Amino acid sequence: MTKVIGSEGAKEAPMLKLLGEAVREDLRAFVVNAGMEALRTLLEAERTEICGPRYEHQGGRRAYRSGHAPGELVLGGRKVQVSRPRARGLDGKEEHLPSWKRFAEEDPLEERALKQMLLGVSTRRYEDSLEALGPGVESRGTSKSAVSRRFVSMTKAQMDTWLGADLSAIDLSVLMIDGVHIDDRVLLVALGIDADGEKHVLGIREGATENSGSCKELLADLRERGLPVDRTTLVVIDGSKALAKAIREVFGARALIQRCQVHKARNILDELPDHMRTSVRAALRDAYRSSDIIRSKKLLQNLARRLREHHPGAAASLEEGLDETLTVLRLGLPGNLTRVLSNTNAIENLIGSVRRLGRRVRRWRDGKMILRWTVAAAHDASKRFRRVAGAKIAMSKLVLKLRALDNPNAVAQQVVAA
């Protein structure tokens, strides 16, 4: 049986839609107005507690009512105007209502502005991204300049806190360093992995991995903030000679340097014609995925020998730092951890977040602005960090290997005792 919908039925769906939208708007306004009324009731109750009931004589009162004054509190990402009840003590000084003082001290506006900027909302569209408060509620603090000021204030405080944080409590096992290009600047980013497989952003500094001085300044800053440099640490880098030099100057013999295999393969392939890249990429993959250090090194040496005559640049790139591309493999770690620590992909994911946020900025004013945005992006990305896969067992084996290099006799005794 076919149901025929007449003209009235055809209008029913659009009418229901409009009714639903009106209900949602009314509900939002109701919730906001109910909350404002509850706040007014709470404040008045606190004033009554201080001053006593209205229109009643109270001999021992310690304060008296003093009308109302305009005030502002934060609601829904903006400042709303609230009529604040006032009370004065017998000495004439104003008595502060506990709830008002508490609400006024909380300032989630800066955090809200930071979150909106990180989500890609421009300062011009900030107000459009907020829920409407409904009629009768006056607000401010959503202009482009106001939001921009809050974002600058929040990111500056965040930068000062992060770049000066104490690192001594981090049981560091792995240090990764890489650079990110933003506008015409390069920023060095240091990521740490502790003994439990947790990741930590350790530091960010303007400079370049090709600049030994900038790299050394970053490492020196980490050391001054408590980063341990007196025990063996695995340091994973992109392959820069200057960065490797800076690491050795700061860590000395305590640095186990692992050159990123992904960067190394990219540098080699860049030296080759297109028709050779597929086969050489496969040869590099076979060598790096081998679990046998002797076989892996032999495969790389054979590849370098084949390339040397017709493509000396590619051969030289392969041979430069060849042993340091196999450092992790030489430790004999579980396969999943070997793959994670043989490249800088862990820090590349962090840098990707920085790049995505940086693309939203149309004009960079100066280096401080770039640094503030980078720190904000890194802090936001760190909230989504995951532990290294299989960290509980795999990282314990790495720590044992590293401590064995610090004190072979002590670790050997522990193994025998176990």
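The values are calculated or read from the model by the stated rules, or taken from the named source; none is laboratory data. Just so it is clear, the model here is predicted, and its values are computed rather than measured. Cβ: placed from backbone, ideal geometry, glycine included. Neighbour counts: every protein chain shown.
Considering only residues that are within 15 Å of PRO98 (Cα to Cα) and charged (D, E, K, R), which ones fall in segment 42-71? GLU44, GLU46, ARG47, GLU49 - these are the residues of segment 42-71 that are within 15 Å of PRO98 (Cα to Cα) and charged (D, E, K, R). Taking the conditions (1) surrounded by fewer than 18 Cβ atoms within 10 Å (Cβ to Cβ); (2) in contact (Cβ under 8 Å) with a residue 40 or more places away in the chain; (3) within 27 Å of ARG386 (Cβ to Cβ) in turn, VAL189 satisfies each one other than (1).
Restricting to segment 356-411, name every residue that is at pLDDT 85 or above, not in a helix (DSSP H, G or I) and not basic (Lys, Arg). If the condition is that a residue be at pLDDT 85 or above, not in a helix (DSSP H, G or I) and not basic (Lys, Arg), then PHE385, VAL388 are the ones that fit. In segment 279-306, the residues that are part of a loop (DSSP other than H, G, I, E, B) form Cβ pairs under 6 Å with partners that are surrounded by 12 or more Cβ atoms within 10 Å (Cβ to Cβ), at six or more places apart or across chains, as follows: SER290/SER296.
Search segment 78-98 for residues that are closer than 16 Å to THR41 by Cβ and at pLDDT 80 or above and pair each with any residue that is surrounded by 19 or more Cβ atoms within 10 Å (Cβ to Cβ) and of a type in the set (Phe, Trp, Tyr) when their beta-carbon atoms are under 8 Å apart and the residues are at least 6 apart or on different chains. Listed by first residue and then by second, the contacts come to ARG84/TRP100.
Taking the numbered list (1) touching a helix residue (DSSP H, G or I) at 6+ places or on another chain (Cβ under 8 Å); (2) acidic (Asp, Glu); (3) more than 29 Å from LEU405 (Cα to Cα) in turn, ASP274 passes all entries but (1).
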